[in-house]
Amino acid sequence: MATHVCPIWVGYFLASRLRKLLQNPTRIIGPFVRPNMTVLDFGCAMGFFSLPMAEAVGPGGKVVCVDRQPEMLDVLKRRAARAGLLDRIQCHVCPEDSIDLKEYDGAFDFALAFAVLHEVSHPDRILSDLGRLVRSDAPLLLAEPAGHVTPQEVEHTVALAREHGFVMTRALLIRSAHAALLTRAATQEATISEEDAGVRSGTAAKASDEHNRESRGRR
Ligand SMILES: C[S@@+](CC[C@H](N)C(=O)[O-])C[C@H]1O[C@@H](n2cnc3c(N)ncnc32)[C@H](O)[C@@H]1O
């Protein structure tokens with residue numbers, strides 16, 4: 001059971017410009033977020049991804065930013081206001097073991113859970129909520145920091161996500177992260193069998209691991 005929660009001071013570091021050299025948020029969310037979408041940033045902290053998502057959805061879209069630490073959301077709101085993006089951002093403080101947001105059931109066109117699930121004490125409950133919240137054919141981008149989450153732990157999370165109706169469609173190569181794109185099984189079952197999905201998720205962590213090793217080698 002996870003006990004560590006990202007300290008506020010780390011939140012400032014995670015939202016810093018320096019991080020963009022390693023993980024470009026606009027590029028990472030770019031293929032998935034379009035104008036007028038309603039999107040979820042679960043475990044958003046100070047909005048490293050939420051603000052680029054707010055740019056991408058435009059004035060007709062909405063980014064729902066969820067975190068269990070209100071201090072993170074306070075800073076996010078100030079950053080969004082400075083960037084002129086507050087009108088399309090909604091912040092929600094959630095309890096430790098649930099996302100809530102019942103009013104958004106099936107409403108999200110895209111959901112992001114970046115570097116958060118390893119901090120969650122009941123990932124099964126959170127994955128169940130995510131399964132309820134995303135539209136049936138909408139993608140969920142799941143990523144964990146390669147530094148302190150092993151590929152095996154990510155495999156385990158992906159396996160847990162399958163119990164809540166998700167299948168992994170592909171691995172995503174993001175520096176210093178193990179990342180996977182998931183969708184609800186119902187939309188995928190015609191094209192990907194359970195066995196197939198298992199094989200793919202097996203190669204996903206390996207692919208990101210190799211990618212991260214290569215990146216470290218190049219640096
Ligand atoms: C390591 S930070 C990652 C922040 C952001 N996703 C990023 O990549 O910049 C993890 C964030 O998840 C939040 N968090 C941890 N457990 C949570 C939970 N059970 N529900 C909601 N947020 C949670 C923490 O408060 C923290 O802001």
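The values are calculated or read from the model by the stated rules, or taken from the named source; none is laboratory data. In this text the structure is predicted, and so the values were computed from the model without any measurement. Cβ sites come from the backbone with ideal geometry, for glycine too, and all protein chains shown count toward neighbours.
Quick notes on this one:
- Near pairs, Cβ below 9 angstrom, 6+ apart or cross-chain, from segment 30-59 (farther than 18 Å from Asp105 by Cα) to any residue that is crowded, with 18+ Cβ neighbours inside 10 Å and of a type in the set (Ser, Thr, Tyr): Cys44/Ser50; Val57/Thr38
- Test: residue in segment 185-197 that is closer than 19 Å to Ile126 by Cα and at pLDDT 95 or above: no
- Residue that is nearest to the ligand (Cβ to nearest atom) [pool: residues in segment 138-163 that are in a loop (DSSP other than H, G, I, E, B) and in contact (Cβ under 8 Å) with a residue 60 or more places away in the chain]: Ala146
- Scanning segment 157-166 for residues that are over 15 Å from the mean Cα position of the chain (by Cα) and crowded, with 17+ Cβ neighbours inside 10 Å yields Arg162, His164, Gly165.
- Just so you know, in segment 97-116 the residues that are of a type in the set (Gly, Ala, Ser), within 12 Å of the ligand (Cβ to nearest atom) and not in a strand (DSSP E or B) include one that is farthest from Glu144 (Cα to Cα), and it is Ser98.
- Residues satisfying the criterion are present in segment 63-71 (criterion: loosely packed, with under 14 Cβ neighbours inside 10 Å and without any contact (Cβ under 8 Å) to a residue 60 or more places away in the chain).
- Cross-chain or 6+ apart pairs with Cβ under 8 Å, segment 117-137 first and within 8 Å of the ligand (Cβ to nearest atom), then part of a helix (DSSP H, G or I) and modelled with pLDDT of 95 or more: Val120/Ile126; Ile126/Leu117
- Taking segment 90-127 as the range and being touching a Leu at 6+ places or on another chain (Cβ under 7 Å) and over 22 Å from Met168 (Cα atoms) as the test, the residues that pass are Cys91, His92, Val93, Leu101, Tyr104.
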